[in-house]
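Below: the structure, in structure tokens.
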Amino acid sequence: MAELNLILLGPPGAGKGTQAEQLRTEFELPHIATGDILRQAVAEQTELGELAASYMDAGNLVPDEVIIGVLLEAVGRPDARDGFLLDGFPRTIPQAEALSTDLEKLGRQLTAVLMIEVDDEEIVQRISGRRVNPVSGRVYHVDFDPPKVEGIDDVDGTPLVQREDDQPETVRNRLAVYHAQTAPLADYYEKLGLLHRFDGSAAPSEVFSHIRATIATLKLEETI
Ligand code: ADP
Ligand code: ADP
């Protein structure tokens, strides 16, 4: 297969970032996470960050016209030439359409959309225990995936933080936004024959082995 152009789809807290970490190591793909890009812009107080902050704090989506340009720029970079792993994009039908129009222009296409499914109750549990390294974006969970030393990143020693938008009130709104605006993408990609569903309630290593097996099958189909 010439390129692996993958999308990770799923509700907030489904485990997209957790799986992306493993996938990028195994398949050497750049991990393009729009949430990480936006949080960095907010921290650096760039124009993009100032535009995005109020939407993010409320758990709403940043407007399509803001995020689409950011994403297409990342996909167009040299390190994404042989493939990419999108995490957190697209989140609306117009975003999905903008992505496919852009890829088409470049003579590229999506390989697969990997949808991680987890029910709302478990999402709230996961998000309330999520802790992140604000520099690298690495994710932990106080119960399900704790760091070796409480509050400290295993790899580089950075103190872990809880995201502002991981408070219960905001999480409920993010879930409502997901069901209204992002969940319709499952149908959209299913009709295009690109959707693969995964049970995200299993342990991270199990979810990963299912995803890996699917990618291996896709690669095999390509060579037949
Ligand atoms: P997303 O990127 O989809 O928002 P994350 O990868 O950040 O999700 O995961 C959300 C939280 O749930 C994190 O605290 C993470 O450690 C934890 N988590 C991820 N995958 C699993 C899993 N399969 N089982 C239990 N907890 C998980
Ligand atoms: P999670 O995976 O936990 O839902 P993300 O880190 O992907 O969270 O996103 C955090 C916030 O960044 C979202 O609630 C939203 O405000 C904004 N955001 C990220 N990606 C997009 C996108 N593709 N479109 C609009 N807003 C986005």
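Values quoted throughout were computed directly from the atomic coordinates according to the rules given, and no laboratory measurement underlies them. Keep in mind it's a predicted model, so treat the numbers as computed, not measured. Note that each Cβ is placed from the backbone with ideal geometry, even for glycine, and that neighbours are counted across all protein chains shown.
If we sort 10-16, 107-113, 34-40 on the protection proxy, mean other Cβ atoms within 10 Å, highest first, what's the order?
Going by the mean number of other Cβ atoms within 10 Å, highest first, we get 10-16, 34-40, 107-113.
Determine the principal axes of the Cα atoms in region 120-198, then give the extent along each, sorted from largest to smallest and rounded to whole angstroms.
Computed over the Cα atoms, the extents are 45, 28, 21 Å.
Starting from one equal scatterer on each C-alpha and no solvent at all, send me the Debye-based log10 I(q)/I(0) for the chain at q = 0.07, 0.10, 0.11 Å⁻¹, two decimals.
-0.21, -0.43, -0.53
When only C-alpha pairs under 8 Å and at least 6 residues apart count, what is the relative contact order of region 89-184, in percent?
It rounds to 29 percent for region 89-184.
Under the Karplus relation 6.51 cos²θ - 1.76 cosθ + 1.60, θ = phi - 60°, what is the ordered set of whole-Hz ³J(HN,Hα) values for region 166-174, x standing for Gly and Pro?
8, 6, x, 4, 5, 4, 4, 5, 4
What area, in nm² and to one decimal, does the C-alpha convex hull of region 10-125 cast on average over all directions?
So the Cα hull casts an average projection of 7.9 nm².
Once you keep just the Cα pairs under 8 angstrom separated by 6 or more residues, what percentage relative contact order results for region 139-224?
9 percent
Karplus couplings for region 150-156 from phi (6.51 cos²θ - 1.76 cosθ + 1.60, θ = phi - 60°), rounded to Hz, Gly and Pro as x?
Result, rounded to whole Hz: 3, x, 10, 5, 4, 7, 10.
So if I place +1 on the C-beta of Lys and Arg and -1 on the C-beta of Asp and Glu, and nothing else carries charge, what would the dipole magnitude of the chain be about its Cα centre? I want it in debye, nearest 20.
The calculated dipole for the chain is roughly 260 debye.
Percent of Cα-Cα pairs per 5 Å bin, from 0 to the last occupied bin, for region 41-104, please list those.
Percent of pairs per bin, in order: 3, 16, 25, 25, 18, 11, 3, 0.
Could you give me D for region 110-150, from Stokes-Einstein at 37 °C and 0.692 mPa s, where the hydrodynamic radius is the Kirkwood radius over C-alpha pairs? Units µm² s⁻¹, please.
272 µm²/s
Go ahead and run the numbers for FRET between T158 and F27, Cβ-Cβ distance against an R0 of 30 Å, rounding to 0.05.
According to the calculation, E is roughly 0.70.
Cα-based count: Lys pairs in the chain below 27 Å, eight or more positions apart or different chains?
Final tally of qualifying lysine pairs is 6.
How much FRET efficiency would the formula 1/(1 + (r/R0)^6) give for S209 and D145, where r is the Cβ-Cβ distance and R0 is 22 Å, rounded to 0.05?
Once the sixth-power term is evaluated, E becomes 0.85.
Would you work out the relative contact order for the chain, in percent, from Cα pairs under 8 angstrom that are 6 or more residues apart?
30 percent
Of G129, G49, P90, which is farthest on the positive side of the dipole of region 32-183, counting Cα position, with +1 on Lys and Arg Cβ, -1 on Asp and Glu Cβ, and the Cα centre as origin?
Farthest towards the positive end: P90.
Would you mind telling me the antiparallel percentage of the DSSP bridges in the chain, rounded to 5?
So the antiparallel bridges in the chain amount to around 25 percent.
Roughly how big is region 108-224's charge dipole about its Cα centre, with Cβ charges of +1 (Lys, Arg) and -1 (Asp, Glu), in debye to the nearest 20?
I would put it at about 400 debye.
Stokes-Einstein D for region 1-77 at 25 °C, 0.890 mPa s, Kirkwood Rh over Cα pairs, in µm²/s?
It diffuses with D of about 178 µm²/s by this estimate.
Determine ³J(HN,Hα), in whole Hz, for all residues of region 98-112 in sequence, where each value follows from phi through the Karplus function 6.51 cos²θ - 1.76 cosθ + 1.60 and θ = phi - 60°; x replaces Gly and Pro.
4, 5, 5, 4, 5, 4, 4, 4, 8, x, 10, 8, 6, 8, 6
Work out the P(r) tail for region 161-217: percent of alpha carbon pairs separated by more than 18 Å, whole number.
Tail of the P(r) past 18 Å holds 58 percent of the pairs.
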